[in-house]
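A.B. asks: Encoded as structure tokens, here's the structure I'll be asking about.
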Amino acid sequence: MPIKIGEINRLTVLRPTDIGYMLAKDNDEVFLHLNDSMHQALKPNDTVSAFIYYDNKGRVAATLKTPLITLSKPNWLKVTGINPDLGVFLEMGINKDLLLSKDDLPLDFLLWPEKDDRLPVTMKLKGRLIAKLMESKDITPTNVPLEQKSTVKATVIKLGKQGLNLLTAEHHVIFVHQSLIKGRYRIGQEVECKITYVSEKGHSGSLIEPKEVLMYDDANQLLSYLIQHEMMPFDADSDPKRINQTFNLSKKAFKRALGALYKQRKIRFADGNTYLINQKGENNE
């Protein structure tokens, strides 16, 4: 089996050189510099576990340092440097940083991560080893859901037209609709998010200031429901039992929440149903 770049390989020491060692696996050979040998005195036929990467000159090289990330192991990496012409550099635990290209970042430089931010990334091999921001398919879902109305710390991982995607350290994905955002957020920014709705589709949250959230917790819950389902088969005259079964709210609290959303011109009513009004003033029916 050939040497796998971007992974930890079991290799055999062939011979020492003036500045390092030649390692081999089957018919493939790779150089291990003394700086990457962890000060070990290696002998021919010794077996080592080495990470294979491209050095700063684009050459295939080995290191005995344990990387924080491999092709098969995503991780959170710290931003060590920023180059507007290239992208951001991430610490990966060896003598070389990993590049997250500017092509994978917003056009607006102010929305880029900042130094010391931590980003959830995967490693890809495309002529060289590069970083990619984690996508939903890369994230292993947790079996423990977040509790509705709880407040959690999370990191902004995606900026979209409809809102933001956040990721917690425990890999909870949280969607925050644009109507529940005030201010501007950047990739890599850590925020405190209020969980407004939990369903089989995932978690929804709010980034409105805490005092405002306390005033409109119930309204945000209904708004999150509408964002996920587009329409709510309830209005102010709906049966109190159905309201309580669906939202765990009294009819009085439900009507108060509807009133708050109606005053903000975020909803309209028709035929016993409630509809979300988008920012263009159109109805989502």
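The values are calculated or read from the model by the stated rules, or taken from the named source; none is laboratory data. All values reported here derive from a predicted model rather than from experimental measurement. Note: ideal-geometry Cβ built from the backbone for every residue, glycine included; neighbour counts use all protein chains shown. What goes into the accessible areas is simple: the full protein's heavy atoms, side chains included, and nothing from ligands, DNA or RNA. Shrake-Rupley method; radii C 1.70, N 1.55, O 1.52, S 1.80 Å.
A.B. asks: Could you list the GluC sites (Glu not before Pro) in the stretch 63-140 that lie in coil according to DSSP, counting only those with at most 14 other Cβ atoms within 10 Å of their Cβ? Before the final figure, lay out each step's value.
C.D. replies: Values: sites: 91, 114, 135; in loops: 91, 114, 135.
Answer by residue number: 114, 135.
A.B. asks: Can you give me the accessible area per residue for the stretch 1-119, using a 1.4 Å probe, in Å²? Present the calculation step by step, with values, prior to reporting the outcome.
C.D. replies: Details: 6650 Å² over 119 residues.
Per-residue value: 56 Å².
A.B. asks: Filter the trypsin sites (Lys or Arg not before Pro) in the stretch 88-118 to those in DSSP coil with at most 13 other Cβ atoms within 10 Å of their Cβ, and list the result. Spell out each step's value before the answer.
C.D. replies: Details: sites: 96, 102, 115, 118; in loops: 96, 115.
Answer by residue number: 115.
A.B. asks: Of all trypsin sites (Lys or Arg not before Pro) in the stretch 232-279, which ones are in loop regions per DSSP and have a Cβ with at most 14 other Cβ atoms within 10 Å? Walk me through the numbers on the way to the answer.
C.D. replies: Details: sites: 241, 242, 251, 252, 255, 256, 263, 265, 266, 268; in loops: 265, 266.
Hits after loop and neighbour filter: 265.
A.B. asks: Which value, in Å², gives the accessible area per residue of the stretch 180-272 when a 1.4 Å probe is used on the protein heavy atoms? Before the final figure, lay out the partial values.
C.D. replies: Numbers: 5190 Å² over 93 residues.
Spelled out: the 1.4 Å probe surface of the stretch 180-272, per residue, equals 56 Å².
A.B. asks: Now for a separate question. Leaving ligands, DNA and RNA out of it, report the carbon-plus-sulfur percent of the accessible area of the chain at a 1.4 Å probe. Each step should come with its number before you reach the end.
C.D. replies: Details: 7800 of 16020 Å².
In the chain, the share of accessible area belonging to carbon and sulfur is 49 percent.
A.B. asks: If you take Rg/Rh (Cα atoms, Kirkwood Rh) from the coordinates, which of (1) 0.99; (2) 1.16; (3) 1.06 do you get?
C.D. replies: (2)
A.B. asks: For residue 4, go through the aspartates and glutamates and keep the ones whose alpha-carbon is under 14 Å away, minus same-chain ones fewer than eight residues off.
C.D. replies: Counting by Cα, and skipping residues close in sequence, residue 4 has these aspartates and glutamates nearby: 26, 28, 29.
A.B. asks: For helix 217-229, what angle does its Cα long axis make with the longest principal axis of the chain, in degrees from 0 to 90 and rounded to 10?
C.D. replies: Here the helix axis deviates by roughly 70 degrees.
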